[in-house]
Amino acid sequence: MATVTFDHMTKRFTDEMVAVQDFNLEVSDGEFLVLVGPSGCGKTTALRCVAGLETISDGRLLIGERVVNDVAPKDRDIAMVFQSYALYPHMSVYDNLAFGLKLRKVPKAEIDRRVRQAAAILAMERLLDRKPKALSGGQRQRVALGRAIVREPQVFLMDEPLSNLDAKLRVQTRAEILRLHQRLKTTVIYVTHDQVEAMTMGDRIAVMRDGVLQQVGTPKELYDHPANLFVAGFIGSPAMNFMKARTDGSNLNVAEVRLELAGKAAEIVSNRQTGSEMTVGFRPEHLELGNGVTGPAVRIPASVDVVEFLGDQELIHAQAAGGELLAVVSSDHRLKPGDRVEFRLGLEKLHLFDPATELALLR
């Protein structure tokens with residue numbers, strides 16, 4: 001096992017195209033770190049730099065104490081799981097798992113031990129004689145994971161390994177990967193564009209945008225205290241609601257709705273010139289109907305547009321304060337399109353952002 005350190009790492013394809021810019025991050029020994037962001041944000045390029053599949057333009061990359069900028073991929077002691085399974089169709093599962101070890105001239109007895117150990121970890125003992133065409137998508141992905149496990153590397157690199165699976169298999173395989181990490185305790189860097197995967201799997205999450213690291217923290221830290229507007233909107237499902245507001249003393253006006261603030265929020269707003277703009281954010285699941293909020297709260301009258309039934313919950317699309325908002329409420333309320341309601345939001349759940357810098361003001 002080993003740490004992975006990005007030390008001011010930059011990957012530049014051309015002068016105009018910088019895929020990863022001044023990237024600083026240390027992945028701890030045994031940590032499961034998720035790189036997340038929209039397509040084209042640079043997360044896969046950063047992973048490929050660790051694997052040695054991309055050269056580094058500036059800065060350093062360290063695995064453990066060793067700088068590996070110029071070290072060949074085969075000598076980095078890493079194993080990578082790709083989005084595609086990349087299995088050899090003419091080989092059995094056993095031979096697919098053993099192939100890389102045979103190329104490295106590992107003794108036959110050691111190859112057999114590692115292959116059977118990996119098969120046991122992934123519950124694949126009965127699949128070893130099958131060809132890939134006789135396997136389901138989830139089983140093929142387990143073989144791809146097993147091929148990485150037999151390497152016994154210092155670092156696992158995973159590039160969107162679940163994206164080819166259906167929803168049910170994604171949940172199952174996600175749990176298998178987490179069990180695998182808990183058992184092996186190997187450093188893992190996992191790339192995904194799916195923030196639900198990031199939130200459920202990562203010890204820490206690194207959010208990227210346009211090649212720039214936006215924020216690093218635990219899932220709870222990113223959810224409760226996003227550093228900026230982008231992270232706030234990207235982390236969480238459904239996405240955070242945002243509204244444009246104007247300051248009015250220690251309060252905010254959002255269209256015809258007046259948000260009466262208290263505490264730190266009121267202090268921040270009162271220090272701004274009356275009438276200046278501010279962006280207000282709040283999560284759909286933090287909106288309450290009735291008397292669900294205890295303590296200071298803001299009130300938001302709304303008109304229901306669409307109701308999506310989710311079982312024990314309903315996703316409400318409503319018009320409020322001159323725009324649309326989303327709310328997740330108990331299905332016991334049995335709301336219908338056209339209903340007039342009043343949402344309540346606890347002041348501690350309110351997020352404020354500077355519209356110019358997009359930075360959070362209530363961290």
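Near Lys131, which lysines are there with a Cα under 26 Å away, not counting those fewer than 8 places off in the same chain?
Lys102, Lys105, Lys108, Lys168
So, with a 1.4 angstrom probe, what is the percent of accessible area on the range 1-77 that is carbon and sulfur?
45 percent
Mind listing the phi-derived Karplus ³J(HN,Hα) values for the range 264-269, rounded to whole Hz, using 6.51, -1.76 and 1.60 with θ = phi - 60°, and x for any glycine or proline?
These are the phi-based 3J(HN,Hα) values: 5, 4, 5, 5, 5, 5 Hz.
So, for the range 11-89, what is the accessible surface per residue at a probe of 1.4 Å, expressed in square angstrom?
Ligands and nucleic acids excluded, the result is 48 Å² per residue.
Averaged over every viewing direction, what's the projected area of the C-alpha convex hull for the range 167-241? Give it in nm², one decimal, please.
If you wrap the Cα atoms of the range 167-241 in a convex hull and average its projections, you get 5.5 nm².
For the charge dipole of the chain, defined by +1 on Lys and Arg C-beta atoms and -1 on Asp and Glu C-beta atoms about the Cα centroid, which residue among Met199, Asn164, Asn24 has the Cα displaced farthest towards the positive pole?
My answer, from the dipole projection, is Asn164.
Percent antiparallel among DSSP beta bridges with both residues in the chain, to the nearest 5?
Counting only bridges with both partners in the chain, antiparallel ones make up about 75 percent.
What list of ³J(HN,Hα) couplings, whole Hz, do you get for the range 332-339 from phi and the Karplus terms 6.51, -1.76, 1.60, once you set θ to phi - 60° and write x for glycine and proline?
For the range 332-339, the Karplus-derived couplings read 4, 6, 6, 6, 10, x, x, 5 Hz, x marking Gly and Pro.
In 20 Å bins starting at 0, how do the alpha-carbon pair distances of the chain split up by percent?
Per 20 Å bin, starting at zero, the Cα-Cα P(r) for the chain comes out as 26, 46, 25, 4 percent.
Roughly what would the spin-label model give for Glu358 and Arg344, points 7 Å off Cα along C-beta, in nm?
In this crude label model, Glu358 to Arg344 measures out at 3.5 nm.
Considering the zone a paramagnetic label at Asn164 would reach in this model (a point 7 Å from Cα along the Cα-to-Cβ line), which residues of the range 118-152 have amide N under 14 Å from it?
132-147
With the Cα gyration tensor of the range 1-89 giving a ≥ b ≥ c as the square roots of its eigenvalues, does the rule (a/c under 1.5 for rounded; else a/b larger than b/c for prolate; else oblate) give rounded, prolate or oblate? Intermediate values should be presented prior to the final figure.
Working: a/c = 1.40, a/b = 1.09, b/c = 1.28.
Since a/c stays below 1.5, the shape of the range 1-89 is classed as rounded.
What list of ³J(HN,Hα) values in whole Hz, one per residue of the range 103-117 in order, does the Karplus curve 6.51 cos²θ - 1.76 cosθ + 1.60 (θ = phi - 60°) give from phi, with Gly and Pro shown as x?
Values per residue, Gly and Pro as x: 4, 8, 6, 5, x, 4, 5, 5, 4, 4, 4, 5, 4, 5, 5 Hz.
Quick one: which residues, 5 or more positions from Leu287 or on another chain, have an amide H under 5 Å from its amide H? H modelled 1.01 Å from N in the peptide plane, none for Pro or chain starts.
Long-range HN contacts for Leu287: Val328.
Test of understanding: what is the full-extension gain from Ala109 to Lys185, defined as 0.36 nm times their sequence separation minus their Cα-Cα distance?
Gain in length upon complete extension: 24.9 nm.
Per residue, how much accessible area does the range 105-251 have with a 1.4 Å probe, in Å²?
Value returned for the range 105-251: 45 Å² of accessible area per residue.
Return the long-range amide H neighbours of Ser57 (sequence gap of 5 or more, or a different chain), with a cut-off of under 5 Å between placed amide H atoms.
Thr10, Lys11, Arg12
For the range 170-255, which whole-number percentage of the solvent-accessible area (1.4 Å probe, protein heavy atoms only) is attributable to carbon and sulfur atoms?
Carbon and sulfur: 51 percent of the exposed surface of the range 170-255.
Give the aspartates and glutamates whose C-alpha is closer than 18 Å to that of Lys244, dropping any in the same chain fewer than 8 places away, or say none.
Qualifying aspartates and glutamates at Cα under 18 Å: Glu256, Glu260, Glu277, Glu324, Asp354, Glu358.
The values are calculated or read from the model by the stated rules, or taken from the named source; none is laboratory data. This structure is a prediction, so every number in the text was calculated from the model and none was measured. For neighbour counting, all protein chains shown are included, and Cβ atoms are generated from backbone atoms with ideal geometry for every residue, glycine included. Side chains included, ligands, DNA and RNA excluded: accessible areas come from the protein's heavy atoms. Shrake-Rupley method; radii C 1.70, N 1.55, O 1.52, S 1.80 Å.
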